[in-house]
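These notes are about the structure you will find just below.
The values are calculated or read from the model by the stated rules, or taken from the named source; none is laboratory data. Quick caveat: nothing in here was measured; it's all calculated off a predicted structure. Quick reminder, even Gly has a Cβ in these numbers, built from the backbone with ideal geometry, and neighbours come from all protein chains shown. What goes into the accessible areas is simple: the full protein's heavy atoms, side chains included, and nothing from ligands, DNA or RNA. Shrake-Rupley method; radii C 1.70, N 1.55, O 1.52, S 1.80 Å.
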Amino acid sequence: MKNLKSNEYVPYQMNYIKLVSEQNIVKGLIDQKLEMIHFFSSIPVFKQEYRYQEGKWTIKDLLLHLIDAERVFVYRALRIVRNDSTPLPGFDENDYVLAAQANERAFENLLEEYEVVRDASISLFSTFSDADLLKLGTASKASVSVRGIGYCILGHELHHKHIIIERYL
């Protein structure tokens, strides 16, 4: 494991973090960006708005969910690294997906947005020192570290990639 202490992540996030093998967050973000762009680009058009069950998200919904979640996670990391001790609220991903209307957008546009957001995350995490990565804050009513957030971003994407492979393709 990445030697994370239990006060560095929201408990349910360990399900994501344990999927991450890369120790270096920035390298992981870079490698995963290329992997995920290739993965999403290989999905046939007829599957992009497919739901494996009534009421479940489409692949477009999932892609925009990854984008939105990464933005939220990175914002939390920024606030913590800048010594803002304000507790940060959680967010309801289902409300975000409903409001986002991903299925009204072109898939290529979603992929471009993913790439831009990931590049911004890479840029920001590249500026963090080892001491910055260990800084703690509060998000979703739990103690989290900047590095815990970084590993969560990586693991969250792996989690959803596995779901897409198992249930959509």
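Key figures
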{"item": "Nearest-10 value in Å² for the accessible area of Glu104, using the 1.4 Å probe", "result": "150 Å²"}
{"item": "Solution diffusion estimate, µm²/s, Stokes-Einstein, region 84-169, Kirkwood Rh from C-alpha pairs, 37 °C, viscosity 0.692 mPa s", "result": "214 µm²/s"}
{"item": "Average accessible surface area per residue within the chain, 1.4 Å rolling probe, Å²", "result": "51 Å²"}
{"item": "Translational D in µm²/s for the chain (Stokes-Einstein at 10 °C, 1.306 mPa s, Kirkwood Rh from C-alpha pairs)", "result": "97 µm²/s"}
{"item": "Compactness relative to 2.2 N^0.38 Å, alpha carbon Rg of region 15-90", "result": "1.38"}
{"item": "Which of His65, His159 is most accessible, then next, and so on - probe 1.4 Å", "result": "His159, His65"}
{"item": "Degrees separating the helix 59-81 axis from the principal Cα axis of the chain, which is the longest one", "result": "10 degrees"}
{"item": "Nearest-20 debye value, the chain charge dipole, Cβ charges on Lys, Arg, Asp, Glu", "result": "540 debye"}
{"item": "Fraction of accessible area attributable to carbon and sulfur, region 1-108 (%, probe 1.4 Å)", "result": "52 percent"}
{"item": "Which listed pairs, of Lys27/Lys141; Lys56/Lys161; Lys2/Lys47; Lys18/Lys47; Lys56/Lys141; Lys2/Lys60, have C-alpha distances above 25 Å, in listed order", "result": "Lys27/Lys141; Lys2/Lys47; Lys18/Lys47; Lys56/Lys141; Lys2/Lys60"}
{"item": "Cleavage-rule hits (trypsin sites (Lys or Arg not before Pro)) in region 118-169: DSSP loop, at most 11 neighbouring Cβ within 10 angstrom", "result": "Lys141"}
{"item": "Distance between region 15-66 and region 73-88 - C-alpha centres, whole angstrom", "result": "25 Å"}
{"item": "For region 1-48, Kirkwood radius (reciprocal of mean inverse C-alpha pair distance, Å)", "result": "12.9 Å"}
